[in-house]
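**Q** First, the structure itself, so that you have it in front of you.
No lab work stands behind these numbers, since they all come straight from the coordinates. Just so we're clear, the structure is a prediction, and the values are computed from it rather than from any experiment. As a convention, Cβ positions derive from the backbone with ideal geometry for all residues, glycine included, and neighbour counts pool all protein chains shown.
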């Protein structure tokens, strides 16, 4: 499938959005990965016909008119069923209001072609759910695509759509992006408006794609303000496509192979060194430097992770609580002993971590580090054997930046000896999302 930018250029010629949507729907029907859980076929074809009429008149509705987009099934789309990967909620629930990012995409003319798979409530770094079964990695169907946005990542890798939406509360955009060879950028908290709920402020929403510029194009729409998010970044709209092309000359980049003694596989580490060399050749300065955490980030993360799931069930208890994914049941059970003092301590630790990273970025514009310590494992498990499925201690690279609310991206960079994609992570100070896009584009261009 064409990129979104190529697609829009083709629409200015003789290509019709109807042809594109028909091709997308045909590809989805032969999907070997179980990446889609709902497809709005009739509605998408009708939207494509309407888009075709606008393009023929020379009056597209917006910057994404006619571009098919997949939506992770944790985001509300009016008219499309929302299951959340769960058997605990009714299977025919229809949201009555679009999520903020969905509203912006609709306004820009995007065609919301359907819902992509998620584990129950996005609870793990794998995409297996009681409602829809196992979603598989398109590079090896025996392996996980990562999670929790694994359906979106797999659909992108297979070329079903040029843009798909993910959410990220502990790595859920970046991990599947790394494992499926696509680009996944977790925005700074507040950069892309999202509904306030029990997973705020650690879980954010963002477009995923196969290229940095497609993500940047979607950001031109997604980052527009929405009154439902009081933490939305103020200021005039940004042209993220222009920002992404500015290069990295003069930037100071820290390079860390390990966090607290945990490193990545040899091939992943080799990819990090290639990325560092690419950035250096483009004019950045590289220095070995690992964040000095004032406390173990896992401690506050687990407090918030457990409290968030317990809180979400308290706000909207499901009609069938015994059908909740066993991983969530264990998370909620572990939340029982958390005291108010524990929660307050976690807030203070989160603030300490945020201050430490702000000081770190006063010396380094960007951090280059692993996304995960290993390549994908067998599909159907939240963790590699024999780790417990609610254990996060073995993968320290992604979730800290949810605590500190920083932008972080997984950038694809080649493949390992087994043909599986390799990804490297770029992190910037909170609010400095453009720096991540710039460095990502440099790596992509050299790949």
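**Q** Stretched out fully, how many nm does the piece from residue 6 to residue 340 gain, at 0.36 nm a residue minus the Cα gap?
**A** The span from residue 6 to residue 340 would gain 115.0 nm if fully extended.
**Q** Tell me, how many Å apart are the Cα centres for region 190-241 and for region 334-360?
**A** Taking the Cα centre of region 334-360 as reference, the centre of region 190-241 is 25 Å away.
**Q** I've got another one for you. On the first, second and third principal axes, largest extent first, how far apart are the outermost C-alpha atoms of region 252-446 in Å?
**A** 56, 39, 28
**Q** Using a 7 Å offset from the Cα along the Cα-to-Cβ direction at both residue 93 and residue 316, what is the distance between the two label points in nm, to one decimal?
**A** Going from the residue 93 label point to the residue 316 one covers 0.4 nm.
**Q** Provide the convex hull volume over Cα atoms per residue for region 4-244, in Å³.
**A** About 113 Å³ per residue, rounded to a whole number.
**Q** Next question, about the same structure. With a cut-off of 18 Å, note down the residues of region 62-86 whose backbone N falls inside the zone around a label point 7 Å from the Cα of residue 42 toward its beta carbon.
**A** Backbone N within reach: 78-82.
**Q** Can you give me the distance in nm between label points at residue 26 and residue 290, each placed 7 Å from the Cα along the Cα-to-Cβ direction?
**A** In this crude spin-label approximation the distance works out to 5.2 nm.
**Q** In nm, to one decimal, how far is the modelled label at residue 374 from the one at residue 273, with both set 7 Å along Cα→Cβ?
**A** Rounded to a tenth, the inter-label distance reads 2.3 nm.
**Q** Tell me, what is the FRET efficiency for residue 265 and residue 196 to the nearest 0.05, using R0 = 45 angstrom and their Cβ-Cβ distance as r?
**A** Computed FRET efficiency for residue 265 and residue 196: 0.75.
**Q** Further question: Could you calculate the contour length gain from residue 107 to residue 53, that is, 0.36 nm times the residue separation minus the distance between their Cα atoms, to one decimal place in nm?
**A** 17.8 nm
**Q** Order the peptides 409-419, 124-134 from the highest to the lowest mean number of other Cβ atoms within 10 Å of their residues.
**A** Descending packing order for the listed peptides: 124-134, 409-419.
**Q** Here's a follow-up. Please list 17-27, 77-87, 328-338 highest first by mean number of surrounding beta-carbon atoms within 10 Å per residue.
**A** So the peptides 17-27, 77-87, 328-338, ranked by packing, come out 77-87, 17-27, 328-338.
**Q** If packing is taken as the mean number of other Cβ atoms within 10 Å per residue, what is the order of 110-123, 138-151, 40-53, highest first?
**A** Highest mean packing first, the order is 110-123, 138-151, 40-53.
**Q** For the chain, what does -39500 (n - 2.57) per DSSP helix run (n ≥ 4), summed and divided by total residues, give at 222 nm, in deg cm²/dmol to the nearest 500?
**A** It lands at -11000 deg cm²/dmol.
**Q** Oh, and also: Please list, in order, the residues from region 289-311 whose amide nitrogen is less than 16 Å from a point placed 7 Å along the Cα→Cβ vector of residue 359.
**A** 290-297
**Q** What is the log10 of I(q)/I(0) for region 363-447, computed with the Debye formula using one identical point scatterer on each Cα and no solvent, at q = 0.12, 0.22 Å⁻¹?
**A** Values returned for q = 0.12, 0.22 Å⁻¹ are -0.43, -1.10.
**Q** For a paramagnetic label modelled at 7 Å from the Cα of residue 231 toward its Cβ, which residues of region 406-438 fall within the zone defined by backbone nitrogen distances under 11 Å?
**A** 406
**Q** Find how many whole Å separate the alpha carbon centroid of region 1-55 from the alpha carbon centroid of region 84-131.
**A** Cα centroid to Cα centroid, the span is 19 Å.
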